[in-house]
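What follows is a short report on a single structure.
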Amino acid sequence: MMNDMTPVVKQLLIINIIVFIGSCILGTRAYELFSLFYFENPNFKVWQPLTSMFMHAPLPNIMHIAFNMIALVSFGSMLEHFWGAKKFLFFYLSCGVGAFLLHTGVNYYFYHQGVSYFDSIGIHDQIQVFLKTGTFKYPSGVLIDEEILSSMRDAYFGTAVGASGAIYGLLVAFAFMFPSAELALFFIPLPIKAKYVVPGLIAIDLFMGIKGSSLFGDNTGGGIAHFAHVGGALFGFIMMLVWKNQKFHHNRWS
């Protein structure tokens, strides 16, 4: 199987596996340093938008890295075959950046929605107390909006790991180039064309991100950074449109 992979896909696979094993060995400290924190959180470091792309959920959650790497090999090798190594790597990393940007933008909205809420009830000085302790002093008679406060803390303290944003970009590119290719999904017994599967997956992520829940019925998003998926897909779609309109040729990336 390794011999069937294209060079960059093989290297990305190896790096992801090495980082996963290393993270599991080092434990919490590795996730504190290399996971993606919200940029106004003091735990944020400039390298995290890149390093978080190669991090995955720790054991016993093996399915996170497994699904991502299966998708990387399945779709990435075909795309690299047609594009070449440089163009493929550029696309993959760019989609990862797109995932970071949208994920961070959504967190920025929810965090500053909370800041505005504190300002509106005249207790801006209680923000840091709330972030540190989860509680704060507020004027009597004020109706506390628990949803805004919960979203604020989730945005500020939440972390993200995984190659999923970049993988979603690959899915979009594959559907763009091979819309009639039939894909078999684990939970659907019949193969479905890529032009239907990929938009469907993105629509589900967008819905779950807005709703703030997961397919499995909890209210935490299932630990899934839905907007990172959407961001990677969106960047992938934009890049495919630009490349199509500019008629990029292979020799520009050789």
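Read-outs: derived from the displayed coordinates by stated rules, not from any lab. Values in this document were obtained by computation on a predicted structure and should not be read as measured data. No Cβ is skipped: glycine too gets one built from the backbone with ideal geometry, and neighbour counts run over all protein chains shown.
Grab the beta carbon distance between Lys211 and Glu182, set R0 = 35 Å, and tell me the FRET efficiency rounded to 0.05.
Calculated transfer efficiency: 0.75.
At a 10 Å Cβ-Cβ cut-off, how would you order Trp47, Trp83, fewest neighbours first?
By the 10 Å Cβ count, ascending, the order reads Trp47, Trp83.
Between (i) 30; (ii) 21; (iii) 33, which matches percent of Cα pairs over 31 Å apart calculated for the structure shown?
It is the one labelled (i).
Which pairs in the list Lys87/Lys244; Lys45/Lys87; Lys193/Lys244; Lys195/Lys244; Lys10/Lys87 are over 19 Å apart, alpha-carbon to alpha-carbon?
Over 19 Å apart, Cα to Cα: Lys45/Lys87; Lys193/Lys244.
Set Lys and Arg Cβ to +1 and Asp and Glu Cβ to -1, take the dipole of the chain about its Cα centre, and tell me which of Phe82, Tyr138, Trp47 lies farthest positive.
Value: Phe82.
Could you order the peptides 61-69, 115-123 from most to least packed, using the average number of other C-beta atoms within 10 Å per residue?
61-69, 115-123
Could you pull out every residue, at least 5 positions away or on a different chain, whose amide H is within less than 5 Å of the one on Leu183? Hs are placed 1.01 Å off N in the peptide plane, and Pro or chain starts have none.
It is Ile192, Lys193, Ala194, by chain and number.
With charges only on Cβ, +1 for K and R and -1 for D and E, what is the dipole size of region 2-253 about its Cα centre, in debye, rounded to 20?
Computed about the Cα centre, the dipole is about 860 debye.
Looking at the chain, do any whole DSSP H helices span at least 24 angstrom along their long axis by alpha carbon and average 0.5 or above on Kyte-Doolittle, and which?
Flagged H segments are 7-26, 194-211, 226-246.
If I take R0 = 45 Å and measure r between the Cβ atoms of Ser150 and Arg29 in this structure, what FRET efficiency does the formula 1/(1 + (r/R0)^6) give, to the nearest 0.05?
Once the sixth-power term is evaluated, E becomes 0.95.
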